[in-house]
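Below you'll find the structure, written out as structure tokens, and then a few comments.
What follows is calculated from the coordinates using simple rules that are stated; it is not laboratory data. Keep in mind that this is a model prediction, so the values were computed, not measured. Note that we place each Cβ from the backbone using ideal geometry, even for glycine, and neighbour counts take in every protein chain shown.
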Amino acid sequence: MPSTEEIRCTAESCYLDMFENHYTYDRPDDHDVSALSCPVCDGTDCLERIEL
């Protein structure tokens, strides 16, 4: 099963609390949250993975 990650935006001015990212089987090993941007505020340094 391809991996998924739940990610939160910590920017105070952003109303998005979390989103889920679905990956394919061929995801590069060095890909992490720093390669993403918030779909609402476009921030990159405000994203963090939610650990369950």
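Working from label points 7 Å from Cα in the Cα-to-Cβ sense, the ALA11 to TYR25 distance is 3.6 nm. Each of ALA35, LEU52, TYR15 was placed along the dipole of segment 11-52 (beta-carbon charges, centred on the mean Cα), and the one lying farthest toward the positive end is TYR15. Restricting the chain to GluC sites (Glu not before Pro) that sit in a DSSP loop and have at most 10 other Cβ atoms within 10 Å of their own Cβ leaves GLU12, GLU51. Within the chain, the chymotrypsin sites (Phe, Trp or Tyr not before Pro) that combine a DSSP coil assignment with at most 11 other C-beta atoms in a 10 angstrom radius are TYR15, TYR25.
Computed from the Cα positions only, the extents of the chain along the three principal axes stand at 34, 19, 16 Å, in decreasing order.
Under a model in which nothing but the beta-carbon of Lys, Arg (+1) and Asp, Glu (-1) is charged, the chain shows a dipole of about 120 debye around its Cα centre.
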